[in-house]
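To start, the structure under review is shown below, and the notes come after it.
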Amino acid sequence: MLKAIGQCYSGLRAHQQMLDVTAHNLANVNTVAFKQEQVSFQELTYREIAERRLPRAGDPPSPPQSGRGTAVSSIIPSMEQGSLVSTGKFTNLAITGEGFFRVIRPDGSYAYTRSGNFSLDAEGNLTLPGGIRLDPVLQLKTRENEIDFATLTVSPEGIICAHTFTAGERNESNTLPLAGEEAQSSGVIKLGEITLYRFINPESLLHLGENLFSPSEASGPPVAGSPGDNGFGRLEEGFLENSNVDPARQITALIKGQRAMQSSSRAMITADELWALTMNIQS
């Protein structure tokens, strides 16, 4: 009976973790670029059941075995891309395809994210809502008397450009990134360039919270590249990536986890009743 109770306990504990992950996914259904997590189970090692047997000739039969229950083997995020939603805000960016933004945390360390809901801070840097800055640091406020922030644009290749005040007044419709003498003559200034990063195994990235990830040994080191080159995704200005949480699938997982917990608890109650019955047998 103790073995049966232990097996039921392992099922209760494993499916409680499944419910926790499912609830976390549903809680972040509206979080920008959130990646839903998937739970995988594995059976625990078997034990041999000791039995008394009469001596017999020949090779002994395989000893009977009994399972020990189940456990959560892994919780892996799904890196499928979410749908895009238009915001019309020029500082909002979405990645269509592979890649992560690299941001600088307050302690100076790097982190990686798919969330592109940036805004300009007091120093003219693109930052996430928590104040975490996008790499590279722009510091546009040092040129606030030179450039017109209303004309700031980010091309699909990640080039950040803006017009000077005189150029913006002369030709406000010209927002394409230019280079060299043509850029200088039209008054378009290149302010920086966004680099994307990708990993060999992005599902093994470590969660830091706030939609941030950090590399692990299993994910491999980050590989840098320009948007649109060598398989990297392109940037969409004025769009945000929705979470990839499928509410229907999560509610189904919620029901399955609940029913599994009810089955395990009922089996535990049955084992306890049989144990009590055995202990109360009178000779």
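The values are calculated or read from the model by the stated rules, or taken from the named source; none is laboratory data. Nothing here was measured: the structure is a model prediction, and the numbers come from that model. Glycine also receives a Cβ, built like all others from the backbone with ideal geometry; neighbour counts cover every protein chain displayed.
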Quick one: which residue in Ser186, Ser283 is exposed (fewer than 13 other Cβ atoms within 10 Å of the Cβ) and modelled with pLDDT under 90? Ser283
Can you give me the number of residues within the range 110-142 that are in contact with a Leu (Cβ under 8 Å, 6 or more places away or on another chain) and not in a strand (DSSP E or B)? 10
Take Ile194 and decide whether it is in the same structural domain as Pro106 (by TED's automatic domain parsing), of a type in the set (Val, Ile, Thr), out of contact with any helix residue (DSSP H, G or I) (no Cβ under 8 Å at 6 or more places or on another chain) and modelled with pLDDT of 90 or more. yes
What pairs come up if the first residue lies in the range 110-133 and is under 24 Å from Leu84 (Cβ atoms), the second is among the charged types (D, E, K, R) and crowded, with 21+ Cβ neighbours inside 10 Å, and their beta carbons are under 9 Å apart, counting only those six or more places apart or on different chains? Arg114/Lys35; Arg114/Glu241; Ser115/Glu241; Gly116/Glu241
Out of all the residues in the range 1-50, which are assigned to a strand (DSSP E or B), polar (S, T, N, Q) and within 30 Å of Asp272 (Cα to Cα)? Ser40, Gln42
Could you check the range 246-280 and list, in sequence order, the residues that are out of contact with any Gly (no Cβ under 8 Å at 6 or more places or on another chain), among the hydrophobic types (A, V, I, L, M, F, W, C) and buried (at least 18 other Cβ atoms within 10 Å of the Cβ)? Ala253, Met268, Ala271
For the range 105-119, indicate whether the set of residues that are closer than 23 Å to Ala162 by Cα and of a type in the set (Val, Ile, Thr) is non-empty. no
